[in-house]
Amino acid sequence: MLNIALPKGRLGEKVYAMLKNAGYFCEELVKDSRKLIFTDEKNGVNYFWVKPSDVSIYVEYGAADIGVAGKDILLESNADVYELLDLKIGKCRMAVAAKTDYREDMSRPLKVATKFVNIAKNFYAEKNREIDIIKLSGSIELAPILGLSDVIVDIVETGTTLKENNLHVIEEILPISARLIANKAHYKFNKAEIDAMLEKLQKEIVND
Ligand code: PRP
């Protein structure tokens, strides 16, 4: 059996739609239940619903053979996994945002609030800009509004959250999309099955 870690939530639904179109049909997977493990005997696949930010951990440690994770999670975790395919879903961008009237004070370190500590550190290290990181777990947009930080480094999808909170993008960091990843050792053992799935998924990719 091939063990697949899928990201719970919005991205997971998109991934399941792709899998279904590719012939990996497991209707039970999208039923409204609290179950986390599903078996598709016909295709020889086990699915696990995993917190999106944990997918790379399950795959890196081999608890799952393959999985789907956002590029943001992969960069942030620096997971030692194979990135097999850009699924071109869950598209968004990593960006720096601030209040619309914000002006940077270069005489002191920049206060950056984010969930993505490593991405933020690398981005500013390359620019030789000294920063103080404030690590948050969600609702990052509140930080500059309440004066907790100067800027935020976060995911922007539609831009609605920024707009509704009077924030705007001041710098783009990188585009993000979902990737099919594999455990390095397990890929070698399950190459035929994984490559077969890869080939079918490739046909479901919608290019811009
Ligand atoms: C993400 C991100 C932004 C929002 C951006 O939050 O952190 O808050 O989506 O989307 P938009 O540009 O379409 O408005 P998420 O929903 O993952 O929740 P979070 O507060 O836990 O980060």
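Read-outs throughout are calculated quantities, based only on the coordinates presented, and are distinct from any laboratory measurement. Here the structure is a predicted model, which means the values were calculated and not measured. A quick note on method: Cβ atoms are made from the backbone with ideal geometry, for glycine too, and the neighbour counts reach across all protein chains shown.
For the reader, a short list of remarks on this structure follows.
- Inter-residue pairs, beta-carbon under 6 Å, first assigned to a helix (DSSP H, G or I) and in the stretch 9-20, second loosely packed, with under 14 Cβ neighbours inside 10 Å, 6+ apart: TYR16/VAL30
- Matching residues in the stretch 73-107 - criterion: being basic (Lys, Arg) and either loosely packed, with under 13 Cβ neighbours inside 10 Å or in contact with a Gly (Cβ under 9 Å, 6 or more places away or on another chain) (or both): ARG103
- Answer from ILE145, ILE140, ILE194 - the residue that is β-branched (Val, Ile, Thr) and more than 24 Å from VAL55 (Cα to Cα): ILE145
- Scanning the stretch 85-129 for residues that are free of Cβ contacts under 8 Å to residues at least 60 places away in the same chain and farther than 21 Å from HIS168 by Cα turns up SER107, ARG108, ASN118, ASN122, ALA125, GLU126, ASN128.
- Just one residue in the set LEU180, LEU174 is surrounded by fewer than 16 Cβ atoms within 10 Å (Cβ to Cβ), under 17 Å from LEU75 (Cβ atoms) and within 18 Å of the chain's Cα centre (by Cα); that residue is LEU174.
- Taking the criterion of being in contact with a Leu (Cβ under 9 Å, 6 or more places away or on another chain), near the ligand (Cβ under 10 Å from one of its atoms) and assigned to a loop (DSSP other than H, G, I, E, B), the only residue of the stretch 144-166 that qualifies is ASN165.
- Single unsatisfied condition, TYR82 versus (1) in contact (Cβ under 8 Å) with a residue 60 or more places away in the chain; (2) closer than 13 Å to ASN3 by Cβ; (3) of a type in the set (Phe, Trp, Tyr): (2)
- On inspection, VAL169 passes the criterion of being in contact (Cβ under 8 Å) with a residue 24 or more places away in the chain, surrounded by 12 or more Cβ atoms within 10 Å (Cβ to Cβ) and either in a strand (DSSP E or B) or aliphatic (A, V, I, L, M) (or both).
- Residue check, LEU148 farther than 30 Å from VAL59 by Cβ and among the hydrophobic types (A, V, I, L, M, F, W, C): yes
- Residue selected from the stretch 108-143 under the condition among the polar types (S, T, N, Q) and within 14 Å of the ligand (Cβ to nearest atom), by the criterion surrounded by the most Cβ atoms within 10 Å (Cβ to Cβ): THR114
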